[in-house]
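Heads up, the thing below is written out as structure tokens.
The values are calculated or read from the model by the stated rules, or taken from the named source; none is laboratory data. Note that the coordinates shown come from a computational prediction; the quantities given were computed from them, not determined experimentally. Reconstructed Cβ throughout: ideal geometry from the backbone, glycine too, with neighbour counts over all protein chains shown. With ligands, DNA and RNA removed, areas are computed over all heavy atoms of the protein, side chains included. Shrake-Rupley method; radii C 1.70, N 1.55, O 1.52, S 1.80 Å.
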Amino acid sequence: MVKRLFDIAAAATGLVVCGPVIMLAAALVKLSSRGPAFYCPARAGMNGRPFTLYKLRTMHVNQSRDASVVTGANDARVFAVGRWLRKLKIDELPQLLNILRGDMSIVGPRPEDLKIVEQHYGPMGWQTLQVRPGLAGVSSIYNYTHGEKLLTGPNPEQVYAEQLLPVKLALEVAYLNDTSFGYDVSLIVRTVAAIIRISLGQQEFPEPPEMATAREILAQRTSAANPSQAAWAAAWSHHVRALGAKRTWFTLPPFCSLRALLRLLASHRFAWEGERRVSGFSWLFSSGTAGPTVVAPEKCQAPETRFYWNCTGRNVCATWGGSGRASWRDSRFDGKRRGFVWTGSVEMTRRQNRAFTLVVFFLTLISAGWPAGAQENPSTSEKGPKMSFAIAIHGGAGRTSEDNDRLDEHRRVLEEALQAGIDRLSRGETSLDVVEAVVRILEDSDSFNAGRGAVFNAEGKHELDASIMDGRTRAAGAVGGVRTVRNPISLARLVMTETRHVLLVTDGAEQFADAMQQAHNVERVPNDWFSTPRRRQEWERLRKTNAGNAPLPDSQRIGTVGCVALDQHGNLAAATSTGGLTNKRFGRIGDSPVIGAGTFADNETCAVSCTGIGEDYIRNSVAYDVSARIAYGQATVEDAVRQILTGETHKVRGGIIAVDRTGRITMQFNTQGMARAAADSSGRREIHVAE
């Protein structure tokens, strides 16, 4: 409590004092480099909960999606003013806002990128995530005075993971083992002193006094039997998914604490190593709620082993001593508050322990019928494990007779796009990057009504629409009626990231593409680049019937392309792109670029991409309606989509793909067919082109 009060007072004072400095620095960033003044990446907070970190931007914004998350010593991505801000640590002053919000503390472990945590954190790393990350700290000082010099060469991320990260974590564990208010104050003084010395030109610094303890910790951890990194990566992914849920203060009856402990004990596979217990990984199912069990962050570390479990917003922590003594605590939280509601312990011999485990097992079977307590969202009560990633793709609803001659080509393109999405999600890329990349593949193919295969309008030209939405922030971008942009979906994303707008259309969108062309490599093509003989024949045949305003027959492809995805960080995203309706007139724009009609994503519910007659989807806000039925109507994602496509009150014609926050996928349609594909982390993989 004292530390938190100090954090609030210090952060508020710091914002008042440093506010003019932050504003001046932000102005210099805007003048020095095109793009926003602030950079807001995701970082791993207390208990692994992701949070948005506030920093002044020090790098150019036109970076590759595969760029290193670690900044090298002479990184070319850093512009001149940014290098100066990093040297004086002015770029980190906006993190005072994170401290006020409760995401961080004045002093604590250095906040780490989610990719680094997932790929490189082990038992020691997990221990550092049990407290709030800090603006200052012993590892931050070491990184500032020693670590940045090591990050040279073509792959600074590898150097960081192999050389600097283990030392950083050991220093943080040394801090946590000896933390106190006086120690925190001394670290603040040391941080300020280091900044002043470096600004005055000092380059060589002695090792921090904690280094001797850190070396001992590293030696102990190296000799300990730790879980494989693959197991840790899987556990971390599931843990982030569990903590990414809607924050709710749960009110559960007292016996739920005991029940949670019993299930924790009975759900693990135990073995003995000398006088110590060792646990394995397992899934836990309780009254329809599936939650991952993240275990053994301190596996085989003498003299005790710790287990952690998270399910429906509750943390259960158990500590086993080498003598067979067990203690535990059960805490409830809403992301900021913590309170212990039940504690207990038991001591037993090894033989007694075996008997106790059997008793616990049978008690757990009995307790399975007890009420599960409050549910934060109906989607979490669906049976089956949560997927670490999931993806669905569509190539448009409806079918034409010409499609029967191109089924192999449709399948090949869907296979290519699906595999690209699987590969990227397996590597831990964000769902936003994945849906954009997948839709670009579909746009570059002439198989579907988007990009290269777009239909003709009434004037014999092509006008393309696209939209993209981030379920984590609800940020969105869209373009309509663009004529010379090869990949409208990428321009839509630039609308989201580089402007304060959501939708740009026709000439305005083209002007925006002109402005972004050089800085962001927006590829331009002549309008006839989108033309294909097959689309021209369709247009000429339809034009002869004077059907520009007539309803299209069910046999006509009324398609679009789209992608929805759930990534390993628990974030959802959706993207949709189309050439519109054949022979459309008067600058018609359909649902695809309309957020809430053709595209929608929200981490609390689902990600949706629609295909069909756009006017139907706009009138009924179909994409948002799917999310609303889940959030307010307690429907599953499958039921929500089915209710919309089979409803009698407001009929829509077409198809919908969606994935909810647990990774459940649905792909439904009420036309003669819909090209579609889906995959998830469980091994599901399906492609349909003929039905």
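Summary of values
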quantity	calculated
Charge context of residue 97, other residues only, Cβ under 13 angstrom, K/R +1, D/E -1	-1
Other-chain or far-sequence residues with amide H under 5 Å of residue 574's (modelled H)	469, 471
Calculated FRET efficiency for the pair residue 52/residue 196, C-beta based, R₀ 25 Å, to 0.05	0.25
Two-site FRET efficiency, residue 684 against residue 475, from Cβ-Cβ distance with R₀ of 30 Å, rounded to 0.05	0.55
Residue 12 versus residue 461: modelled label distance in nm, points set 7 Å from Cα along the beta carbon direction	5.9 nm
Extension reserve of the residue 27-residue 185 stretch, reckoned as 0.36 nm per residue once the Cα distance is removed	53.7 nm
Three-way shape label, region 1-116, alpha-carbon gyration tensor, a/c 1.5	oblate
Efficiency of FRET between residue 34 and residue 643 - r from beta-carbon atoms, R0 56 angstrom, step 0.05	0.75
Cα shape, region 590-680, gyration tensor, a/c 1.5 rule	rounded
Heavy-atom accessible area ranking, 1.4 Å probe, most first, across 529, 539	529, 539
With every protein chain in place, region 623-688: carbon and sulfur % of accessible area (1.4 Å)	44 percent
Computed over region 56-172: relative contact order in percent, which uses C-alpha pairs under 8 Å that are six or more apart	31 percent
Beta bridges by DSSP in region 16-157, antiparallel share as percent, to the nearest 5	80 percent
Value in Å of the Kirkwood radius, where region 124-202 supplies the Cα pairs that are averaged	13.6 Å
Reference-scaled alpha-carbon Rg (2.2 N^0.38 Å with N residues) for region 444-505	1.18
Exposure rank, largest accessible area first [572, 407, 24; 1.4 Å]	24, 407, 572
Alpha-carbon centroids, region 654-691 and region 171-204: separation in whole Å	53 Å
Residue 426 versus residue 163: modelled label distance in nm, points set 7 Å from Cα along the beta carbon direction	3.2 nm
Hydrodynamic radius by Kirkwood, which averages 1/r over all alpha carbon pairs of region 406-462, in angstrom	12.3 Å
Exposure of residue 186 as accessible area (Å², to 10), given a probe of 1.4 Å and all protein chains	40 Å²
Accessible surface, 1.4 Å probe, highest first, among residues 528, 591, 616	528, 616, 591
Cα gyration tensor, region 471-620 - rounded (a/c under 1.5), prolate or oblate	oblate
Label zone at residue 585 (point 7 Å along Cα-to-Cβ), backbone N below 20 Å, region 443-463	455-463
Where labels lie 7 Å past Cα in the beta-carbon direction, separation of residue 409 and residue 651 in nm	3.3 nm
Rounded to the nearest 10 Å², the accessible area of residue 588 at probe 1.4 Å	40 Å²
Local net charge near residue 598, Cβ-Cβ under 9 Å (Lys/Arg +1, Asp/Glu -1)	-2
